[in-house]
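Undergrad: Please see the structure below; I have some questions.
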Amino acid sequence: MSTLAPGSTPYDPTGPGSPDPDPDPDPTARGPVPQGTDPQGTDPHGTDPQGTDPQDPPAPARDRYFDFLRAVALFRVVLYHLTGWAWLPLLFPSMGVMFALAGNLMARSLRRPAVEVVRGRLRRLLPPVWLLGVVGVTGMVAQGWGPDADGHPGWWWFHLTFWILPISDPPYAEGLPGVHGFIGADWAVELAGPLWYVRAYLWYVILSPLLLRALRAVPMVTVLVPIALAGVFELELAALPGERFASGLTDFSTFGACWILGMAHQEGVLKRLPRYIVPSVAPALAMVGLWYALNSDFGTGNDLDSMPFAQALWSVGTVALLLHISPTWAEWPRRLRRFDGAITLLNSRAVTIYLWHNTCVLIAATQWDRLWSVVFLEQNVPWLLESVWPVLLVTWLLIACCVVVFGWAEDLAAGRTPRVWPSGGEVGRSPRRP
């Protein structure tokens, strides 16, 4: 039977499962802006934060290749958090891909004033996080979590502000009992798990104006600095100060090169390189990361997520190749047209899906485990009860419910009319300026 990611309780068909938090998805990005087109940026959800002036030149068409990558990344994240299969991050490094797509979008948006862009990003990102906090913190407090939980009431209240502006990891209750027959124990850990990505994304957004200036001045050095920093930390040549600061530095060194590569793609840096450079260098970097992982006891319970240096090398190598290939799909290739609605929905509700998917996995596992009490099923189809695929189906049904119940927060944050199920062609459209 499969196991979940490191640091979490494996999915046990005889008891409640508990998926491990893993990083994820960023909202919609587009490809490079052609010369002479409107340099307007788009918000994280694929809409222009300021609207479009009727007299502005038309914005470039959506790059469906990026939409496809983001949809695959989201699906892979959910599957990984249910199964914990160590090979999944190797097959498709979702975190690196998502940060690269976000960096690409950020570079495009920074053709406008930096303060305006950063403020717009925060305005669109935070409301869905606040909604998660209202539900989650209320549930934790109802189960007894409070100021005396860690023995420092003053710090407890101060740390709660990270649920409002998550520049550091928000606090959450550990060891809470589950709700019998509904959700497994320690559910607060799973609910708060995705917030590391929100914190990392927020810092990348804040640093992006400086990173973009550095990229334009010394592109190769800027891309390689995070990888070099990851190597320094791996070799313990520099001590990481404090737990909270250390987590931020680790995230930057692990995925910073992917974010900067996304910016470099938008700036046209990769296209200016000789065509053989990326296909020659990127696989070498990825193979070094793989070699390092395999020589560091890579396997179940010790995969790329617990190996920042190997993760950095494998992710940046894979991302570089994906961006190098980067076909511009203004329209879907014929074989993918049937998936247009699903991919559009995943991109439209990327934040909602990512924030709530861990909780959905835990609830689905808890509900599926209850079927072991049905004697007929236990005696005749134990293989079905042990299978991960029915749990995955239930997980996505629950995610669909979260999209309906909580997804509206993304629309309000982007200044759009709330939509229940945004799977149509309206994604990416936004109101015009008055």
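Undergrad: Could you sort 214-223, 352-361 so that the peptide with the highest average Cβ count within 10 Å comes first and the rest follow in order?
TA: Going from most to least packed, we get 352-361, 214-223.
Undergrad: Right, here's the next one. If packing is taken as the average number of other Cβ atoms within 10 Å across a peptide's residues, how do 295-302, 127-134 rank, most packed first?
TA: Result, highest mean first: 127-134, 295-302.
Undergrad: In the full protein assembly as shown, how much of Trp368 is accessible to a 1.4 Å probe, in Å² to the nearest 10?
TA: So the heavy atoms of Trp368 present about 40 Å² to solvent.
Undergrad: Over 26 Å apart: what share of the alpha carbon pairs of region 278-398 falls there, rounded to a whole percent?
TA: In whole percent, the long-distance tail amounts to 53.
Undergrad: Taking the Cα-to-Cβ direction at Leu397 and at Ala284 and moving 7 Å from each Cα, how far apart do the two end points lie in nm?
TA: 5.2 nm
Undergrad: Give the separation of the Cα centroids, region 101-115 to region 116-179, in Å.
TA: 28 Å
Undergrad: Also, I was wondering about something else. Can you send over the carbon and sulfur percentage of the accessible area for region 147-298, probe radius 1.4 Å, protein chains only?
TA: In region 147-298, the share of accessible area belonging to carbon and sulfur is 69 percent.
Undergrad: I need the phi-derived Karplus couplings for region 171-178: 6.51 cos²θ - 1.76 cosθ + 1.60, θ = phi - 60°, integer Hz, Gly and Pro marked x.
TA: x, 8, 7, 9, x, 5, x, x
Undergrad: Now for a separate question. Given H placed on each backbone N at 1.01 Å, which residues far from Ala185 in sequence or on other chains put an amide H within less than 5 Å of it?
TA: Correct list: Gly178.
Undergrad: Accessible surface of Phe75 in the full protein assembly, 1.4 angstrom probe, to the nearest 10 Å²?
TA: Probe radius 1.4 Å; accessible area of Phe75 about 90 Å².
Undergrad: Using a 1.4 angstrom probe, figure out how much accessible area region 135-198 has per residue, in square angstrom, rounded to the nearest whole.
TA: With all protein chains present, region 135-198 gives 48 Å² per residue.
The values are calculated or read from the model by the stated rules, or taken from the named source; none is laboratory data. Source: prediction; values computed, not measured. As a convention, Cβ positions derive from the backbone with ideal geometry for all residues, glycine included, and neighbour counts pool all protein chains shown. When the accessible area is computed, the model is the full protein with side chains, heavy atoms only, and any ligands, DNA or RNA have been set aside. Shrake-Rupley method; radii C 1.70, N 1.55, O 1.52, S 1.80 Å.
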